[in-house]
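Here is the structure we will look at.
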Number of protein chains: 2
Amino acid sequence: MLETFRALAEPSRLQIFELLADGPLPVGAVVDRLGMRQPQASKHLRVLSEAGLVEVRPDAQRRIYALRAEPLQELDVWLRRYRRMWEEQFKRLDQVLREEKKRRSR
Amino acid sequence: MLETFRALAEPSRLQIFELLADGPLPVGAVVDRLGMRQPQASKHLRVLSEAGLVEVRPDAQRRIYALRAEPLQELDVWLRRYRRMWEEQFKRLDQVLREEKKRRSR
DNA sequence: TGCAAATATTCCTTGACAGGAATATTCCAT
DNA sequence: ATGGAATATTCCTGTCAAGGAATATTTGCA
C-alpha cells in the first residue's frame with residue numbers, strides 16, 4: 001500500500017500510469033505523448049515497475065509497459081474499510097433530510 | 001488525487017490515517033499509540049489536513065482530528081476506471097477455467 | 001493572575017529523489 | 001560485422017521534506 005502511494009505520488013509517474021490505462025505502450029510512445037525526456041520516462045517506469053504497478057514485455061528492441069491489476073485490487077480492498085465511513089454519513093444525511101421534510105409538511 | 005497520494009505516501013502519515021479510521025482522536029492519543037514525538041505528529045496532521053484528508057475540531061486546549069470522506073470517495077471514483085481492467089482479467093480467467101473443465105470431461 | 005497541559009511553530013541539519021547530460025546496452029537490419 | 005533504433009544506466013547537482021530540539025501559543029484551572 002505504502003509503495004503504491006509512493007509510486008503514484010509523483011506527477012510524471014501518475015501521468016504515465018494514467019496514460020497506460022488506455023492500454024500498453026512502449027517507452028517511446030510515452031515519451032512522445034507526455035513530452036518528457038526518454039531517460040526520465042525509463043526511470044519512472046522503473047519505479048512503477050518495482051512497485052508492481054506495471055509490467056514489461058520485451059518486443060525486439062522495444063519494451064512494452066502495461067498496467068498490473070493486483071496493486072489496484074489491493075487499493076480497492078484497503079478502501080473498503082473506509083467506504084463504511086461515508087456510507088454512514090449518507091445515512092445521517094438521509095435522516096436529516098427526512099426530518100426536514102417532516103418538519104416542512106406540518 | 002496527487003495530493004492524496006502524496007499525503008499518504010509517508011509511513012508515519014499512513015499510520016496516523018489508519019489509526020483515525022477507528023475514530024477521531026486528539027493529538028496526544030496519536031502520540032501515545034504510535035510512539036512518535038508530539039511535534040512530528042502535529043506536523044503530519046497538518047499535512048493530512050492540508051490535503052483535506054482530515055479535519056480538526058477544537059475541544060478546549062485539545063484538537064480532535066477526524067477523517068474526511070471526500071478524498072476517499074474521489075479515490076474510489078478514480079479507481080472505477082481501473083476496475084474494468086481486472087474484471088476483464090477475471091472474465092478471461094473464467095473462460096480458461098471453463099475450457100479446462102470441458103477438456104477434462106471428455 | 002499565573003501555572004500547567006496540550007498543541008503548534010520555527011530553525012536547523014540531513015537524506016532522498018527528480019531532472020539533466022552523457023553514455024552504455026540491446027537488438028534489428030543491411 | 002556494423003550502424004542505427006530503442007531503451008536503460010550512471011553520475012552529478014539542486015531541491016524538498018522529514019526528524020530533532022527548542023520555543024511559542026492557547027486554554028483551562030488554582
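For region A:2-68, the fraction of alpha-carbon pairs lying more than 18 Å apart is 25 percent, rounded to a whole number.
Taken over the alpha carbons of region B:2-41 as equal point scatterers, the Debye sum produces base-10 log I(q)/I(0) values at 0.31, 0.34 Å⁻¹ of -1.09, -1.17. Report note on the peptides B:6-19, B:42-55, A:34-47: ranked by the mean count of other C-beta atoms within 10 Å, highest first, their order is B:6-19, B:42-55, A:34-47. In this structure the amide hydrogen of A:Arg68, modeled in the peptide plane, comes within under 5 Å of the amide hydrogens of A:Val54, A:Glu55, none closer than 5 places in sequence on its chain. Each label was represented as a point 7 Å from its Cα along the Cα-to-Cβ direction; for A:Ser12 and B:Leu2 these points are 1.3 nm apart. The calculated 222 nm mean residue ellipticity attributable to helices in chain B amounts to -22500 deg cm²/dmol, summing -39500 (n - 2.57) over DSSP H runs of n ≥ 4 and dividing by all residues.
The phi-based Karplus calculation (6.51 cos²θ - 1.76 cosθ + 1.60; θ = phi - 60°) puts the 3J(HN,Hα) values of region B:11-19 at x, 4, 5, 4, 4, 4, 4, 5, 5 Hz, whole numbers, x for Gly and Pro.
Taking 7 Å steps out from each Cα toward its Cβ at A:Asp59 and B:Gln38 produces label points 5.9 nm apart. Could you run the numbers on buried accessible area between B and A, total for both chains, 1.4 angstrom probe, in Å² to the nearest 100? Buried area between the two chains comes out at roughly 2600 Å². Residue of chain A with the smallest Cβ distance to the axis mapping A onto B, distance rounded to whole Å: A:Ala9, 2. The rule of thumb for compact globular proteins, 2.2 N^0.38 Å, goes into the C-alpha radius of gyration of the protein assembly as shown 1.31 times.
The values are calculated or read from the model by the stated rules, or taken from the named source; none is laboratory data. Fair warning: this is a prediction, and the values are worked out from it, not measured in the lab. So basically every Cβ, Gly included, is an ideal-geometry build from the backbone, and we count neighbours across all protein chains shown. Heads up: the accessible areas ignore ligands, DNA and RNA and are worked out on the full protein's heavy atoms, side chains in. Shrake-Rupley method; radii C 1.70, N 1.55, O 1.52, S 1.80 Å.
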